[in-house]
Amino acid sequence: MDFCKHDIMENHVIWHNGYVNRSDRNRLNNHKSGLVWFTGLSASGKSTIAHYVEKELFNRGIRVYVLDGDNVRHGLNSNLGFSPEDRKENLRRIVELSKLFADAGILVLAAFISPFRADRAYIRSRFDGDNFLEIYVKCSVEECERRDPKGQYRKARAGIIKEYTGVSSPYEEPLNPDLVIETEKLSLGDAVQKVLKFLDEKKFISYGKA
Ligand code: ADP
């Protein structure tokens with residue numbers, strides 16, 4: 001039997017390769033694992049769509065899990081605020097967590113505003129080409145403000161919340177997203193179906209099938 005292989009990093013922390021890898025787990029589960037990253041303004045519909053997609057995929061026997069901003073900040077990232085350094089660290093932890101989930105055979109649906117192109121490029125760079133997808137959930141600021149499900153746009157306009165994306169902080173639209181979902185044009189049901197069809201095309205659902 002071969003011994004496990006080790007890669008020695010600069011800081012002498014050693015990655016231990018096990019005997020079971022992502023491909024083995026994907027074969028066992030009969031679907032691909034990876035990270036589907038939903039980006040867009042607050043209230044554009046990222047979480048709502050991701051949770052419906054999760055439910056549909058779960059019902060089809062797929063190991064799937066939604067990571068969303070508020071939930072992660074309650075636990076793993078509860079010690080982080082909203083300074084530029086903390087936002088960066090917030091994303092870094094989410095990406096590394098997602099990598100471990102993907103390695104464990106899980107399809108992660110991540111719903112984060114992630115307003116900056118450089119940050120999203122970094123996220124993509126941490127994944128192999130075929131197990132990362134970026135979905136831009138597109139909706140105008142005006143419509144997001146009209147929806148305002150958590151009352152945060154109102155607070156941002158009143159200056160109670162500072163540096164709010166779309167109001168007092170920029171959102172850099174993706175230049176080359178893998179998929180765009182326009183929630184002002186599509187109903188919620190159609191948006192969910194469009195994501196499911198896309199994941200099917202990208203073999204996340206039908207892995208290993210003819
Ligand atoms: P985000 O995660 O992007 O901050 P949420 O999913 O929390 O956004 O909120 C989006 C709001 O918009 C929800 O109240 C949802 O019901 C509503 N909504 C209206 N139309 C759509 C649509 N076509 N797709 C997704 N959400 C929609």
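Tabulated data for the structure shown
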{"item": "Set Glu143, Glu184, Glu134: member being within 16 Å of the ligand (Cβ to nearest atom), closer than 30 Å to Val20 by Cβ and either of a type in the set (A, V, I, L, M) or touching an Asp or Glu at 6+ places or on another chain (Cβ under 6 Å) (or both)", "result": "Glu134"}
{"item": "Selection from the stretch 32-43 of residues that are part of a loop (DSSP other than H, G, I, E, B) and either within 16 Å of Glu145 (Cα to Cα) or of a type outside the set (Gly, Ala, Ser) (or both)", "result": "Lys32, Gly40, Leu41, Ser42, Ala43"}
{"item": "Asp190, sole failed condition from (1) closer than 26 Å to Leu35 by Cα; (2) part of a loop (DSSP other than H, G, I, E, B)", "result": "(2)"}
{"item": "Positions within the stretch 89-122 being under 13 Å from the mean Cα position of the chain (by Cα), away from the ligand (no atom under 16 Å from the Cβ), within 26 Å of Glu56 (Cα to Cα) and not β-branched (Val, Ile, Thr), in sequence order", "result": "Glu96, Leu97, Ser98, Lys99, Phe101, Ala102, Leu107"}
{"item": "The stretch 156-168, residues that are without any contact (Cβ under 8 Å) to a residue 60 or more places away in the chain, surrounded by 15 or more Cβ atoms within 10 Å (Cβ to Cβ) and not in a loop (DSSP other than H, G, I, E, B)", "result": "Ala156"}
{"item": "Residues located in the stretch 173-186, provided they are surrounded by 14 or more Cβ atoms within 10 Å (Cβ to Cβ) and in contact (Cβ under 8 Å) with a residue 40 or more places away in the chain", "result": "Pro174, Pro177, Asp178, Leu179, Val180, Ile181, Glu182, Thr183"}
{"item": "Selection status of Glu134, in a loop (DSSP other than H, G, I, E, B), modelled with pLDDT of 95 or more, under 21 Å from Tyr52 (Cβ atoms) and not polar (S, T, N, Q)", "result": "no"}
{"item": "Candidates Val66, Val137, filtered to the one that is closer than 30 Å to Leu28 by Cα and under 19 Å from the mean Cα position of the chain (by Cα)", "result": "Val66"}
{"item": "Close pairs (8 angstrom Cβ cut-off, 6 or more residues apart or separate chains): at negative phi and of a type in the set (Gly, Ala, Ser) in the stretch 29-58, assigned to a strand (DSSP E or B) and more than 16 Å from the ligand (Cβ to nearest atom) anywhere", "result": "Ser33/Leu107"}
{"item": "Criterion (under 21 Å from Arg22 (Cβ atoms), of a type in the set (D, E, K, R) and assigned to a helix (DSSP H, G or I)) met by exactly one of Glu56, Glu96", "result": "Glu96"}
{"item": "Of all residues in the stretch 24-53 being over 28 Å from Ala156 (Cα atoms) and among the aliphatic types (A, V, I, L, M), the one that is farthest from the ligand (Cβ to nearest atom)", "result": "Leu28"}
{"item": "Residue in the stretch 44-53 that is farther than 22 Å from Pro174 by Cβ, of a type in the set (Gly, Ala, Ser) and not in a helix (DSSP H, G or I) present", "result": "no"}
{"item": "Close pairs from the stretch 5-24: first modelled with pLDDT of 75 or more, partner assigned to a strand (DSSP E or B) and not charged (D, E, K, R), Cβ under 6 Å, at least 6 apart", "result": "Ile14/His6; Ile14/Ile8"}
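The values are calculated or read from the model by the stated rules, or taken from the named source; none is laboratory data. No experiment lies behind these values; they were computed from the predicted model shown. For neighbour counting, all protein chains shown are included, and Cβ atoms are generated from backbone atoms with ideal geometry for every residue, glycine included.
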